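> The structure follows.
The values are calculated or read from the model by the stated rules, or taken from the named source; none is laboratory data. Quantities reported herein were computed from a predicted structural model and do not represent experimental measurements. Note that each Cβ is placed from the backbone with ideal geometry, even for glycine, and that neighbours are counted across all protein chains shown.
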Amino acid sequence: MAWKKYADTQGAHAPSKALYEAGVVPINYSAWPLEQPATQYAALSADIDADVVVIGAGLAGSSVALHLAERGIKTVLLEADQPGAGASGRNAGHIQPYLSSLEPLSAHKDGGRKFVDYFTSHRNIIVDLCAKHGIEADVHQRGMIDAAKKPSADLEKKAKLWQSHGYNIDIIGADTLKNMLGTEVYHYGLLWREGGQVNPYLFTNGMVSAAVKLGAQVYADSRVVACEAAGSNWRVRTATGSVTAAQVVICTSGHTGNDFFPELQHTQYPLVACGLATRPLSAELLAAINPSRSVFTQYPAGLYPIVIDERNRLVSATIPGMGSAQQADKYFAYFLRYLHRTFPATRNANITMESYWTGMTANSSHHYDKCYPKLYQVAKGVHGLMNFGSWGNLQGPMMGMSLAHAIADGRLDDCVLPIEKPVAVRFPGLFETKIRRTLIPIARLADRFDLT
Ligand SMILES: Cc1cc2nc3c(=O)[nH]c(=O)nc-3n(C[C@H](O)[C@H](O)[C@H](O)COP(=O)(O)OP(=O)(O)OC[C@H]3O[C@@H](n4cnc5c(N)ncnc54)[C@H](O)[C@@H]3O)c2cc1C
């Protein structure tokens, strides 16, 4: 099939409402694949062996494969679709260099010290991997701004905390915000200098290409349908082949509804999110909207995060209402109204939508700020690395690297994530109901009537 960008969400060939709700509309609805798809990989068509088989080529699985291959471990990466087709090729492109709440880390044996140290030491991992492997993924560290309408003790506390970890953060006022963002709406904010943006589809595919160069084998259109014990090994089967390996790493995230190890799916609170991109904007408009081209989001609700990509498009994401994830025009209209309220120059401009899509996030808690990735052991030699919530751009590659190094060293306990047994969450629909039915609609009203 010829590769084609899609914006049509209503025509005869538009995806069904169910596909939008499940976050699995075809990946070429996402803004991030450019005019051409990345390298397309063939399906597995033989019975082969490896040291480690990784299932799922998103940010997490691609990083595991890359870092295992770098250590000379014989690695096979199996992907149901093509690399980056899950949440990783559909996200909002923000690189958030900090952690929202440290509270859940108190459950780690050392109170989370190892995790926070690793996170802070590797917070530039995306830029570093791109430089090291020559990955072109429109990555920039032009800063990330949390913009608020009034001073916030919460933001100030956050700045102090991360400054104490060596972060370069400016607390900025109305003048700086006006210069950087081109709007007078915000009066207080944080500028995280190490924050930035990435094209997550290109980055994921870049990690996969780098893994292949280092000897990893990658098979796409190869959905794993079974994972069976074979002596002291595991045989991981697809419809047309199998891989036998001593270790299996499952990185299927929000797409974990598999017949094998179904307990993993029960560990998560799923939440669908939608993304949209405008058509490229004129230089004149770009001088008025966020001239600094930093990444920015609004405090407290972050309803309209904005990235300007290399094609001069505005890319944003939000959480759609219950049952209305397919309503592209509705969410684009919200976004436009926000632009009009915030950047007067946009009021008479013809800003139109180029792409609209949805994706599925998998969360480990029903509190947004408390969603941390998890490392599960489902059987001897079989681990699941998943549940990255809304912040997998940084944590996916980072935790993937930590796990790969721990496997390569034969010391799984060295992974910064503690190994847990999968435990089913209670009321898995709770998070979705809370966010989609209540919190987001209230936040939209508050923002519209200037109550934030
Ligand atoms: C709209 C949206 C906006 C977001 N914005 C941001 C953001 O700005 N910044 C940020 O850091 N994060 C953001 N996120 C979150 C981020 O995208 C995720 O945390 C991250 O992509 C998760 O990566 P992953 O590798 O765990 O999962 P995925 O990318 O979902 O990868 C899982 C892969 O497993 C494959 N798979 C599933 N089952 C099988 C099987 N049986 N066999 C083989 N393969 C299988 C799937 O096809 C998929 O490719 C956003 C997410 C969405 C949806």
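> On the phi > 0 side of the Ramachandran plot and in contact with an Asp or Glu (Cβ under 8 Å, 6 or more places away or on another chain): which single residue out of GLY111, GLY56 fits that description?
On inspection, the qualifying residue turns out to be GLY56.
> Residues in the range 340-349: is at least one modelled with pLDDT of 95 or more, farther than 29 Å from THR183 by Cβ, surrounded by fewer than 21 Cβ atoms within 10 Å (Cβ to Cβ) and more than 16 Å from the ligand (Cβ to nearest atom)?
Taking every residue of the range 340-349 in turn, none turns out to be modelled with pLDDT of 95 or more, farther than 29 Å from THR183 by Cβ, surrounded by fewer than 21 Cβ atoms within 10 Å (Cβ to Cβ) and more than 16 Å from the ligand (Cβ to nearest atom).
> Just checking, how many residues over the range 210-235 are touching a helix residue (DSSP H, G or I) at 6+ places or on another chain (Cβ under 9 Å), surrounded by fewer than 19 Cβ atoms within 10 Å (Cβ to Cβ) and on the phi < 0 side of the Ramachandran plot?
Number of matching residues: 3.
> From (1) among the β-branched types (Val, Ile, Thr); (2) touching a Ser or Thr at 6+ places or on another chain (Cβ under 7 Å); (3) within 16 Å of the ligand (Cβ to nearest atom), pick out the condition that doesn't hold for ILE308.
It fails just one condition, (2).
> Which residues, taken from the range 1-26, are of a type in the set (Lys, Arg) and at pLDDT 90 or above?
LYS17
> Residue by residue through the range 251-277, note down the ones that are assigned to a loop (DSSP other than H, G, I, E, B), more than 6 Å from the ligand (Cβ to nearest atom) and surrounded by fewer than 23 Cβ atoms within 10 Å (Cβ to Cβ).
Hits for the range 251-277 are GLY257, ASP259, PHE260, PHE261.
> Go through (1) surrounded by fewer than 24 Cβ atoms within 10 Å (Cβ to Cβ); (2) within 16 Å of the ligand (Cβ to nearest atom) for ALA57 and report which single condition fails.
ALA57 satisfies every listed condition except (1).
> Only one of (1) within 12 Å of the ligand (Cβ to nearest atom); (2) without any contact (Cβ under 8 Å) to a residue 24 or more places away in the chain; (3) of a type in the set (Lys, Arg) is not met by LYS380, so which one is it?
Just one mismatch for LYS380, condition (1).
> Okay, next question. Is one or more of the residues making up the range 94-106 more than 21 Å from the chain's Cα centre (by Cα), over 24 Å from PRO418 (Cβ atoms) and of a type outside the set (Lys, Arg)?
no
> Can I ask one more? Determine which member of the set THR176, THR183 is more than 17 Å from ILE27 (Cβ to Cβ) and not in a helix (DSSP H, G or I).
THR183
> Is it the case that some residue within the range 187-198 is more than 30 Å from PRO151 (Cβ to Cβ), touching a residue at least 60 places away in the same chain (Cβ under 8 Å) and surrounded by fewer than 19 Cβ atoms within 10 Å (Cβ to Cβ)?
no
> Would it be correct to say that GLY400 is within 14 Å of the ligand (Cβ to nearest atom) and assigned to a strand (DSSP E or B)?
So GLY400 does not fit the description; no.
> Another question, if that's okay. Looking at the range 388-396, is at least one residue small (Gly, Ala, Ser), buried (at least 21 other Cβ atoms within 10 Å of the Cβ), part of a helix (DSSP H, G or I) and touching a helix residue (DSSP H, G or I) at 6+ places or on another chain (Cβ under 7 Å)?
yes
> Only one of these is crowded, with 22+ Cβ neighbours inside 10 Å, away from the ligand (no atom under 14 Å from the Cβ) and more than 27 Å from GLY143 (Cα to Cα): THR75, THR39. Name it.
THR75
> Let me ask something additional. If a residue has to be part of a loop (DSSP other than H, G, I, E, B), within 13 Å of the ligand (Cβ to nearest atom) and of a type in the set (Ser, Thr, Tyr) to count, how many in the range 215-239 make the cut?
2
> Looking only at residues in the range 365-377 that are within 11 Å of the ligand (Cβ to nearest atom) and out of contact with any helix residue (DSSP H, G or I) (no Cβ under 6 Å at 6 or more places or on another chain), which one is farthest from VAL272 (Cα to Cα)?
Looking at the filtered set, the residue picked out is LYS374.
> Looking for something closer than 21 Å to ASN28 by Cα and touching a residue at least 60 places away in the same chain (Cβ under 8 Å) - is there at least one such residue anywhere in the range 254-263?
Yes, the range 254-263 contains a residue that is closer than 21 Å to ASN28 by Cα and touching a residue at least 60 places away in the same chain (Cβ under 8 Å).
> Under 7 Å by Cβ, and 6 or more places apart or on different chains, what pairs join a residue from the range 162-178 that is within 18 Å of GLN298 (Cβ to Cβ) and free of Cβ contacts under 8 Å to residues at least 60 places away in the same chain with one that is among the aliphatic types (A, V, I, L, M) and assigned to a strand (DSSP E or B)?
Going by the 7 Å Cβ cut-off, the qualifying pairs are ILE169/LEU190; ILE169/LEU191; ASP170/LEU191; ILE171/LEU190; ILE172/LEU191; LEU177/ALA147.
> ALA50 - would you say it is touching a Lys or Arg at 6+ places or on another chain (Cβ under 9 Å), in contact (Cβ under 8 Å) with a residue 60 or more places away in the chain and closer than 13 Å to VAL218 by Cα?
The answer is yes for ALA50.
> Can you go through VAL76, VAL64 and tell me which one is at pLDDT 95 or above, of a type outside the set (S, T, N, Q) and farther than 18 Å from SER242 by Cβ?
Within the list VAL76, VAL64, the selection yields VAL64.
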